[in-house]
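Visitor: Submitted below is the structure of interest, expressed as structure tokens.
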Amino acid sequence: MFSKKNALIITIVISMIIGLLCGYLINSSITKNKSDFSKTVLIKSGDTRIIEAGVKALDKLSEKQFKEQKKTIASRFSILSDIFLRLIKMIIAPLVFAVLVIGVAKVGDFKSVGRIGIKTLIYFTTATLIALFLGLAIVNIFKPGEVMHLEKPVASAETGIKSNAQDAKNFISHVIPESIISAMANNDILPIVVFALFFGVAAASIGKHGEIIIKACEGLAEIMLKVTNYVMNFAPIGIFGAITAVVIQQGLDVLGGYLYLITCFFGGLLFFVFVVLWLIAVLFKIKFYKLLSHIKEPILLAFSTASSESAMPKTIEALEKHGISNRIVSFVLPLGYSFNLDGSIMYMTFATVFIAQSYGIDLSMADQIKMMLILLVTSKGMAGVPRASLVVIAGMLSMFKIPGEGLLLLLAVDQILDMGRSATNVVGNAVASAVVARLEGEKF
């Protein structure tokens, strides 16, 4: 039934369906024009050499032209999703700063913050190891790279993705902000978290003058959540644009060609959510399905936009409605967006080994364990990097002497896979917040 409570979910689902249909019709129209174009050239040319080349050769000649046409038309629709995601991103920095300062101020001092922080990081590390191991287990059991026999990209092909070797110096440079204004301008969550931790503890320690700042942050957080509600009214339009643009460029045929890969990866994500996270919830006496019911809007939002960030403001609201205290949500959730992206982390091992399998490269168990341990470190703090998962995977390919152009095997369906991993990231961070709250003795 169309109730006010479920209005956003229903309109998002409707916009996804309309986007799929619209994208499919436009893609089919362009594809038909391409076929007609080839036949017309054959008929009109009268040149036996062209006729002997056949439709297949002409298809190759026109491929680039029609690919550009799809890209141009898709860009007109993706403007809608770009506007929505930009509206969300303008909220994130002030919201993260405000809620974290409030949360830290309520915790009180560095000792208490440190206690919660250690529990949070231990959980994040454990969840990351499980996700990395699960990615390896699925790709080794089902071997999509060997089963699918995909055509290899040419060795000179450019992926457009530059590898990023994350060493200790880079990590520290990324974590400690030179300027909080610069970090906020770039929506770089981890440096904002570090500054907010110091700021919140300092505000709590100076008494009455600090209370004024804390109250101001409470007001700012309320305002930003209100702005979030305004922005969410645009969500269905943004989601329509995002889905339509993807289908115009990729078509629905790509699903058939990559069905085995998509099934393997999404099956792994479902196993992680409904088995691993469910078991964790049972262990800590968390009502898992009740938690899922509270975060269903953020999950759908992350899935349809392929962006974990788009769901962050709504996730904060949902977790507080679930009964988790503001001090825990405001502390754990922002950290989770840099340290606990379960779906993205699982994708890193899965995708790297998939590409190796496609090239017939046998990675030993020792190599895979080494990869898992490296990713445990290099995956941290990458949330602010565009296309972060692909950047890290590019680095792994280089490190293990796997052809870098192999990334092109994934780019056709990366947006679809990103939808699944973004939704999983939301569930993973919600469970993380609930676990830390339980460890702090909260009842909800």
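Visitor: For segment 167-254, taking Cα atoms only, what is the radius of gyration to one decimal and the Dmax to the nearest whole Å?
Guide: 19.8, 63
Visitor: Let me ask something additional. Once the other residues with Cβ under 11 Å from the Cβ of N425 are scored (Lys, Arg +1; Asp, Glu -1), what is the net sum?
Guide: -2
Visitor: If you don't mind, there's one more thing I want to ask. Any idea how far the Cα center of segment 302-323 sits from the one of segment 110-124, in Å?
Guide: 22 Å
Visitor: Considering only the other residues whose Cβ falls under 11 Å of the Cβ of E440, what net charge follows from Lys and Arg at +1 and Asp and Glu at -1?
Guide: Its environment carries a net charge of +4.
Visitor: Return the sequence-ordered ³J(HN,Hα) values of segment 78-83 in whole Hz as given by the Karplus equation 6.51 cos²θ - 1.76 cosθ + 1.60 applied to θ = phi - 60°, using x for Gly and Pro.
Guide: Working through the residues one at a time gives 5, 4, 4, 6, 4, 4 Hz.
Visitor: Residue by residue through segment 405-419, which ³J(HN,Hα) values in whole Hz follow from phi under the Karplus form 6.51 cos²θ - 1.76 cosθ + 1.60 (θ = phi - 60°), with glycine and proline marked x?
Guide: For segment 405-419, the Karplus-derived couplings read 5, x, 4, 4, 5, 9, 4, 4, 10, 4, 4, 5, 5, 5, 4 Hz, x marking Gly and Pro.
Visitor: If we count every other residue with Cβ under 15 angstrom of L150's Cβ, Lys/Arg +1 and Asp/Glu -1, where does the sum land?
Guide: Once all neighbours under 15 Å are counted, the net charge is -3.
Visitor: Neighbour counts of other C-beta atoms within 10 Å: give me R421, R327, R76 arranged from fewest to most.
Guide: Final ranking by Cβ density, sparse to dense: R76, R327, R421.
Visitor: Then there's this: Given Cα pairs under 8 Å that are at least 6 residues apart, what percent is the relative contact order of segment 170-245?
Guide: It rounds to 16 percent for segment 170-245.
Visitor: Ranking E211, E405, E297 by Cβ neighbours within 10 Å, fewest first, what do you get?
Guide: Taking fewest neighbouring Cβ atoms as first place, the list is E211, E405, E297.
Where a number appears in this text, it was derived from the coordinates with a stated rule and is not lab data. Keep in mind the model is a prediction, meaning the values are calculated, not measured. Don't worry about glycine lacking a Cβ; one is built from the backbone with ideal geometry, like all the others, and counts go over all protein chains shown.
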